[in-house]
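Notes follow the structure.
Read-outs throughout are calculated quantities, based only on the coordinates presented, and are distinct from any laboratory measurement. A quick note: this is a predicted structure, and the numbers were derived from the prediction, not measured. Here Cβ is always computed from backbone atoms with ideal geometry, including for glycine, and neighbour counts include all displayed protein chains.
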Amino acid sequence: MGRGIAIALLSGFAFAMSGPFGKPLLAAGWSPAGVVLVRIWIAAIVTLIPMLIVGRARLATLRHAPFTVLAYGLLAVIGVQLAYFNAIAHMSVTVALLIEFSAPLLVLVYLWARFGRRPSVRTVLGAALAVAGLVAVVGAASGGAVVTPIGLAWAFVSLVGLAAYFLLAEDGTRADDIDVASIEGAKPAVDQLALAVGGLLVGAVVLSLTSLAGLTPVRISTAPVVLGGLGTTPWWVPAVVIGAVATGLAYVAGILAINMIGPTLASFLGFSEVIASGVVAWLMLGEALTPLQIVGAVAIVAGVIAVKRGERSGTPDGPRRDAPASPRDGARTPPARTA
C-alpha cells in the first residue's frame, strides 16, 4: 500500500502544477477552454506515443470497455477541467474548490450505496477532519465569496466529474461488456495505463469537435508569459508543463494509485493537490501561506491518516458474506456497466 500512497501523492503534486502554470496563460489572453484543449492534447500525445511503440497490446484491451473509456474521457477529463474553469469564471475560486473537492464524500456515499457497506467510524471522522482542513486551506485564500447559480451548476458538474475520475479508474480495469468472459467466467481486464491514454484521447477529440462547432470558445495566444519569480518565458513552456506533467503524468499516476489503494483513500489523498498548489503558488507567484492555511494542511494530513487506518480496519460490523468485494478492502469491484 505504501507504493500506492506514494504514487497517489505524486499524482496530487503533479495536478497541483495546473494552477501556478495555467494562471499566467489566462493572464496572457488564453481562454479557459483554450488552456484545457492544449493541455489535454499535449497529455494525450506524450502518453500515446510510448504506448504505440511498446504497448500496443495494452491499447488493444480498450475494446473490452468502450463505454468506460468514453465516460472517463467525458467526465474524468473534460468534465472536471472544463467545468472547473467555467465555474471560477462565474464565482469565487474558493467556493468552486470546496464544492469540487467534496468528491471524496460522494465516493464514500457511492461505495456505501453500491456495496451495502457503511464506512467505519474512523473513516468518517477522518473524512470530516480532512474536509475541515480543506475549508481552512481554501477558505483563507480569499475574503468575500461570490456565488451565482451558473457558477454553482458548473461547480457541481466538476464535483461529479472528479468523483467519476476516482470511480471509473477502478471500475475501468474490468470490461463493461457482460457478454465477454474468459474461461473462468471473469471479464477480460482493461489495462490501467491504456485507460488513461484512451480517456485523454477521447477528451481531446471531443473538446476539439465542440470547439470547431463553436460550443466551447477557444482563444490561444503566442505572447510571452510571465511566470512569477521565474520571469518571462515563451508560451509553450507553461503549456508543456501543464500538459505533460499536470495532466499526462497526473492522470497516469492517479489511475495507477486508484487501482493499488482503492478510490476512497486515493480520493482523500487527492487533497494533497490543494496543499501542493499553495506551496507552488507561494514559491512561484509569491502567494504566501497564512497560519490558518498551514493549520488546515496539517488537519488534511491527519484526516487522511485516519481514513487510511479506517480503511485498513474495515467496517465495524464486519464484511457481509453476500456482498461483493469492495475497493475499500483492497479488492477489485465486480464487473459492472458504467455507461
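Using a 7 Å offset from Cα along Cα-Cβ at L209, what residues in region 32-76 end up with backbone N under 12 Å from the label point? Hits in region 32-76 for L209 at 12 Å: 70, 74.
Counting 0.36 nm for each residue step from T222 to F67 and taking away their Cα separation leaves a gain of 52.1 nm.
When peptides 238-244, 207-213 are ranked by their average number of other Cβ atoms within 10 Å per residue, the highest-first order is 238-244, 207-213.
The string of couplings for region 256-264 from the Karplus curve (6.51, -1.76, 1.60, θ = phi - 60°) is 5, 5, 4, 6, 8, 10, x, x, 5 Hz, one whole number per residue in order, with x for Gly and Pro.
The H on the amide N of V225, modeled in the peptide plane, is under 5 Å from the matching H of T233, W235, each at least 5 residues off or on a different chain. Net length available on complete extension from A302 to T233 is 21.0 nm, with 0.36 nm assigned per residue and the Cα-Cα distance removed. Sequence-distant or interchain residues sharing an amide H contact under 5 Å with A65, placed H: which? So A65 has HN proximity to D176.
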